[in-house]
Amino acid sequence: MRRMTLTAAWLALAAGAAWGQMPTAALAAGNAALQAGEADRALGILTALPTQGPGAAEAQNLICRVRYTLEQWDAAARACEQAVRLDPNSSIDHMWLGRALGEKASRASFLSAYSLGKRVRIEFERAVQLDPRNAGALSDLGQFYKDAPGIVGGGLDKAEAIAAQLEKVNAAKAYELRANIAMARKDYASAEQDLKESIAASQHAAEQWTVLASFYRSRRRWSDLDTAIQSCVSAAAREAHPGVALYDGAGVLMEARRNPGLAAKMLEDYLASSSLNEEGPAFVAHERLGRLKEQLGDAAGARREFAAAAAMAREFNPAQDSGI
């Protein structure tokens, strides 16, 4: 066999290094596009990557999450299933697969929902098993136990056990889970107190104020809802990175059909902030803002917002928007 020359060896090594760097840079770019709400750009980057080899599992996870923001639950589940096949020991991949399957289950027929529900539980339990400090997976598993019937493995006692485990990782989310358990028991006084405790325990109080506001909306306590939303806005102004608090708070107001002017201002401030992320997709924010501007009589502004949404996510169908 002919020996590789030194020059050829160096070229091969350089090519290998470039191959290792290329997926890393592309993955970072794809994730940045996802967080910015640029679904089309994210998919263009991520679907061009190899489906095997370094970075392939992460690419599939990111594709799953882009599809999730687009509310394409089947496509999201397929991508996350591929991510789990490529990296079966990833807590994050199992968590996102559970989330996608959960959305499918919530829209399925009874028999399909039964089968999917069991898979959701398995994925969330596996995510927690792989990383007992994954707060997102713990919260998801606790919520599943709270919502699901016993026939697929649900139960309030199981949810309470998860809340105790979650408290060691994220006290604010543990209080929020306990509030949801209390609501399931129709103990609304305890639920309200737990949600107030979650605000006190959180490093991101603005977001927890929106959760309390949503509770008040469900109880039709309009004055308390208005106060909670104002507290959210005030807290967001104080926090360096308020996350999706303004986006979620605007959603609560839209659900309650209250104060469209304030809801529009909150979405505008969110879109202008450095806090854009996948939990509040920018293209959805633009589409909701367009609807609010229509309500407020700003037809030209509404058209601009709808055009901005379409430019970021051509596959998004606003009729599917389940947020409000």
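The values are calculated or read from the model by the stated rules, or taken from the named source; none is laboratory data. Model, not experiment: these values are computed from the prediction. Cβ placement follows ideal geometry from the backbone for every residue including glycine, while neighbour counts extend to all protein chains displayed.
Filtered by the rule that a residue be of a type outside the set (A, V, I, L, M, F, W, C), assigned to a helix (DSSP H, G or I) and under 19 Å from the mean Cα position of the chain (by Cα), region 147-174 gives 147, 173. Of the residues contained in region 240-249, one or more are found to be among the acidic types (Asp, Glu), closer than 25 Å to residue 188 by Cα and under 20 Å from the mean Cα position of the chain (by Cα). Among the residues here, residue 304 does not qualify as closer than 30 Å to residue 193 by Cα and either of a type in the set (Asp, Glu) or surrounded by fewer than 17 Cβ atoms within 10 Å (Cβ to Cβ) (or both).
Examine region 235-254 for a residue that is among the small types (Gly, Ala, Ser), surrounded by fewer than 19 Cβ atoms within 10 Å (Cβ to Cβ), out of contact with any Cys (no Cβ under 6 Å at 6 or more places or on another chain) and touching a residue at least 12 places away in the same chain (Cβ under 8 Å), and state whether such a residue exists. Within region 235-254, not a single residue is among the small types (Gly, Ala, Ser), surrounded by fewer than 19 Cβ atoms within 10 Å (Cβ to Cβ), out of contact with any Cys (no Cβ under 6 Å at 6 or more places or on another chain) and touching a residue at least 12 places away in the same chain (Cβ under 8 Å). Does at least one position in region 47-62 carry a residue that is touching a Cys at 6+ places or on another chain (Cβ under 8 Å) and either crowded, with 21+ Cβ neighbours inside 10 Å or in a helix (DSSP H, G or I) (or both)? Looking through region 47-62, at least one residue is touching a Cys at 6+ places or on another chain (Cβ under 8 Å) and either crowded, with 21+ Cβ neighbours inside 10 Å or in a helix (DSSP H, G or I) (or both).
Quick one: would you say residue 103 is in a helix (DSSP H, G or I), on the phi < 0 side of the Ramachandran plot and free of Cβ contacts under 8 Å to residues at least 24 places away in the same chain? No: the conditions fail for residue 103. Inspection of region 21-32 identifies no residue that is among the small types (Gly, Ala, Ser), over 24 Å from residue 90 (Cα atoms), at pLDDT 50 or above and assigned to a helix (DSSP H, G or I). Taking (1) closer than 25 Å to residue 113 by Cα; (2) more than 24 Å from the chain's Cα centre (by Cα); (3) among the small types (Gly, Ala, Ser) in turn, residue 189 satisfies each apart from (1).
Applying the criterion of being under 20 Å from residue 261 (Cβ atoms) and either modelled with pLDDT under 95 or in contact with a Ser or Thr (Cβ under 8 Å, 6 or more places away or on another chain) (or both) to the residues of region 307-324, the residue that is surrounded by the fewest Cβ atoms within 10 Å (Cβ to Cβ) is 324. Taking the criterion of being of a type outside the set (Val, Ile, Thr), under 19 Å from residue 55 (Cα atoms), surrounded by 20 or more Cβ atoms within 10 Å (Cβ to Cβ) and modelled with pLDDT of 95 or more, would at least one residue in region 97-112 satisfy it? Yes, that holds for at least one residue.
Matching residues to (1) touching a residue at least 24 places away in the same chain (Cβ under 8 Å); (2) surrounded by 21 or more Cβ atoms within 10 Å (Cβ to Cβ); (3) touching a Lys or Arg at 6+ places or on another chain (Cβ under 9 Å):
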| position | (1), (2), (3) |
| --- | --- |
| 187 | no, no, no |
| 200 | no, no, no |
| 204 | yes, no, no |
| 210 | yes, yes, no |
| 216 | no, yes, no |
| 220 | no, no, no |
| 227 | no, no, no |
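If we keep just the residues of region 255-266 that are surrounded by fewer than 24 Cβ atoms within 10 Å (Cβ to Cβ) and of a type in the set (A, V, I, L, M), which is farthest from residue 296 (Cα to Cα)?
256
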